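Following: one structure in structure tokens, then a few remarks.
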Amino acid sequence: MKKNILTDLLLTFMKIGLFTFGGGYAMISMIEENCVEKKEWITHEEMMNVTVIAESTPGPIAINCATFVGMKQAGFVGAVVATLGMIIPSFAVIYIISMFLDNFLEITFIANAFKGIKIGVGILIFDAALGMIKKMQKKPLPKAIMICSFAAMMTINIFSLKFSSISLMIIAATVSLVIFISNGQSKNGGEKK
């Protein structure tokens, strides 16, 4: 049984790694489709949580998600197998390209193909974002933080401001923690009376 899950993890993440362009954000919707909807390895809520954790920890988001899913399904060995499944296709493609084509992107056919891929990647990222927004808690605090973060990122991008997205995530986390702690203290204070 364990051998079957390891093979399934490897092949699933190799497929995701091979057929998804655009990095981690573009892969989120494909990871969700395969791991949540088809295989039911994790729930939608776990996918939301692992996406946030993977974004907040070092390393590519898709690899962190693969590691989490593998760990949940088959422990440490599953984590290693799922991670390798995600890494091997990209490594193989880049290695082959580097061996045979010195000026890969200077080939007109390839350059034009990548223009189309950029549009597709944008759509995949947008789809992943919409999916996460739909599954987000319908409480005022998460909505307010999302809207403020979106407005801040748009302002930063439009006016080309020098402000790190990591700083924005830290600010959003701090605001959420302060509100959570203050709500906890007000509830505890109300119970003591």
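Any read-out appearing in this document is the output of simple, stated calculations on the displayed coordinates, not a laboratory observation. Please read these numbers as outputs of a predicted model, since none were measured by experiment. Ideal geometry is used to build each Cβ from the backbone, glycine not excepted, and the neighbour counts take in all protein chains shown.
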### In the stretch 1-87, the GluC sites (Glu not before Pro) that fall in loop regions by DSSP, at most 12 other Cβ within 10 Å
Glu40
### Query
Once the stretch 70-110 is represented by equal point scatterers at the alpha-carbon sites, with solvent omitted, what log10 I(q)/I(0) does the Debye formula produce at q = 0.31, 0.33 Å⁻¹?
-0.94, -0.97
### Task
Taking the chain as the reference, fit the longest principal axis to its C-alpha atoms, fit the long axis of helix 108-135 to the helix C-alpha atoms, and give the angle between the two in degrees, 0 to 90, nearest 10.
30
### Task
Please provide three numbers in whole Å: the alpha-carbon extents of the stretch 66-169 along the principal axes, with the largest listed first.
53, 44, 25
#### Entry: Neighbour-count order for Leu141, Leu177, fewest beta carbons within 10 angstrom listed first
Leu177, Leu141
### Task
Treat every Asp and Glu Cβ in the stretch 75-157 as -1 and every Lys and Arg Cβ as +1, leave all other atoms uncharged, and give the resulting dipole magnitude about the Cα centre to the nearest 20 debye.
680
### Query
When only C-alpha pairs under 8 Å and at least 6 residues apart count, what is the relative contact order of the stretch 2-136, in percent?
33
### Task
Sort Thr108, Thr7, Thr83 so the one with the fewest other Cβ atoms within 10 Å of its own Cβ comes first.
Thr108, Thr7, Thr83
### Query
Taking the Cα centre of the chain as origin and charging only Cβ (+1 Lys, Arg; -1 Asp, Glu), how large is the dipole, in debye to the nearest 20?
680
### Task
Return one number: the angle in degrees, 0 to 90 and rounded to the nearest 10, between the long axis of the Cα atoms of helix 140-158 and the longest principal axis of the Cα atoms of the chain.
50
### Query
Relative to the longest principal Cα axis of the chain, at what angle does helix 2-19 sit, 0 to 90 degrees, rounded to 10?
80
